[in-house]
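The values are calculated or read from the model by the stated rules, or taken from the named source; none is laboratory data. Computed from a prediction, not measured in an experiment: that's the story for all the values here. Reconstructed Cβ throughout: ideal geometry from the backbone, glycine too, with neighbour counts over all protein chains shown. Quick note on the areas: whole protein, heavy atoms, side chains included, nothing else; ligands and nucleic acids left out. Shrake-Rupley method; radii C 1.70, N 1.55, O 1.52, S 1.80 Å.
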Amino acid sequence: MSGSMENPSLLLLRNEHELIGHDILVINFERDGFIRKLRKLNPESKITAFSYNMADIDSLDKNANAEAIVDVELPKRDFDLIIYYYPKSKPEAQMMFDNIRAIASQQTRLLVVGDNKGGVKSAQKQLEDKAEVCYKLESAKHCVLFEFGGLFALDKFQINSYLKRFDVKIDELTFNVASLPGVFNHGSLDSGTALLLNALNTDTLSGNVLDFGCGAGIISAFMALKNPSIHPTALDVSALAVYATNETFKLNNVKGTTLLSDGLNAITDTYNAVVSNPPFHTGLATDYTISERFFKGAASILAKKGQLILVANSFLKYLPILQENFKMVDIPAKNNKFTIYQCQ
């Protein structure tokens, strides 16, 4: 076992006798090589790695010989073992448990693992009345591993039944947003994006504009509704976010493009602007590697006189990094929590 493996994976491997199956599905896996070790335990088995997140799929070791799927719904197949890494979002976990019950058989064993701080103990309450077998296999490394069996079948799973719709009002403009569990901006407008939209002069934008880390598509919809000459491309690493953004576009008759991508990897066009509430500005922010890569990449995909407009936590030291990549960096708006940067 590698010392670089995350604790949930280490806990699973402490119970390797439970990890044997013929057709195995691993959901929301860590990017730590667990799938490769699972393959060594099951050299002849079919292993499928599923994630909502494109970066998870891109991280997979090709030597693991696993089918990789990024989507909003699980593949329908007769899995005898499903391993689920419990997510940070309890509503997302509930949605996934429903999806699992829609594809599982009476013979399917479900292992759920996660960090105590991530709320994994909620799994027992979420599933105890939906399974014949429900017990804790082991608790160690600040994690818990549950096993469930005899899952009560769900007739069907439809992702659109989990959509949550809400209104966003900025000045005189009110528009409808559709979101899903696990998507940023689920159920309400966050204060950082609100500051960005209130400071955004859409009259200075036109043509192709990239909304990086689009979440539920709020920024894209706002820009297109305020200025019909803007064609938004909404990009996110999450398949759930891309799905929600497409629904937001439909609700508001917005003609935009959506793109599932790990960072800027899928970008082939140039843009007149990149507007973003980037998804890497939370936590202690001691590592600026991801943001540095994004700023450099954004500068390279902008057309001449193109601009990057973003909102970030005010405590982040973004100004010197932005000044390294752009000739002009302005701060059109700021409060005690967030700062708007406009770069050209």
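Volume of the convex hull of the chain (Cα atoms only), normalised per residue: 141 Å³. Go through Gly33, Asn185, Ser238 and say which Cα lies farthest out towards the positive end of the charge dipole of the chain; charges sit on Cβ, +1 for Lys and Arg, -1 for Asp and Glu. In the chain, that residue is Asn185. Starting from 0 in steps of 5 Å, tell me what percent of the Cα-Cα pairs of region 1-112 lands in each bin. Reading upward from the zero bin: 2, 12, 24, 27, 22, 10, 2, 0.
Checking the cross-link pairs Lys46/Lys76; Lys169/Lys296; Lys40/Lys62 against a 24 Å limit on the alpha carbon distance flags Lys169/Lys296 as lying beyond it.
Taking a straight line from the alpha carbon of Lys121, these lysines sit under 18 Å away, with near neighbours fewer than eight places off in the same chain left out: Lys88, Lys90, Lys130, Lys136, Lys141.
Extending 7 Å from the Cα toward the beta-carbon at both Thr289 and Arg77 defines two label points whose distance is 3.2 nm. Annotation for region 32-80: trypsin sites (Lys or Arg not before Pro) lying in DSSP loop with at most 14 further Cβ atoms inside 10 Å of their Cβ are Lys76, Arg77. Counting only heavy atoms of the protein chains and using a 1.4 Å probe, Ile170 has close to 10 Å² of accessible surface.
As an equivalent ellipsoid, region 171-220 spans semi-axes of 20, 13, 10 angstrom, where each value is the square root of five times an eigenvalue of the C-alpha gyration tensor, largest first.
In this rough spin-label picture, where each label sits 7 Å from Cα along the Cβ direction, the Lys117-Gln94 distance is 2.5 nm. At R0 = 45 Å, how high is the FRET efficiency between Glu132 and Ser188 if r is their beta carbon distance? Nearest 0.05 is fine. Calculated value: 0.75.
For a test of the definition: using alpha carbon positions, the gyration tensor, and the 1.5 limit on a/c, classify region 169-300 as rounded, prolate or oblate. The shape class here is rounded.
Taking K and R as +1 and D and E as -1, what net charge do the other residues with C-beta under 14 Å from the C-beta of Glu324 add up to? Computed value for this residue: +3. The slack between Ala333 and Lys296, meaning 0.36 nm per residue of separation minus the straight C-alpha distance, is 11.1 nm.
In this simple spin-label approximation, Ser139 and Asp58 carry label points 7 Å from Cα along the Cα→Cβ vector, and these lie 3.8 nm apart. Considering only Cα-Cα distances, which of the following residue pairs are longer than 27 Å: Lys37/Lys164; Lys37/Lys117; Lys125/Lys337; Lys255/Lys304? Flagged as over cut-off: Lys37/Lys164; Lys125/Lys337. Could you give the angle, 0 to 90 degrees to the nearest 10, between helix 239-251's Cα long axis and the longest principal axis of the Cα atoms of the chain? The helix 239-251 is inclined about 50 degrees to the chain. Were the residues from Lys156 through Asn265 laid out at 0.36 nm apart, the gain over their Cα-Cα distance would be 35.8 nm. Sorted on the mean count of surrounding Cβ atoms within 10 Å across their residues, most packed first, peptides 269-276, 15-22 read 269-276, 15-22. In this structure, Asp167 and Glu16 have a Cβ-Cβ separation that, at R0 = 56 Å, corresponds to a calculated FRET efficiency of about 0.65.
Computed over the Cα atoms of region 76-173, what is the convex hull's projected area averaged over all directions, in nm²? Taking a quarter of the hull surface, the average projection is 8.1 nm².
Of the solvent-accessible surface of the chain, computed with a 1.4 Å probe and all protein chains present, 47% belongs to carbon and sulfur.
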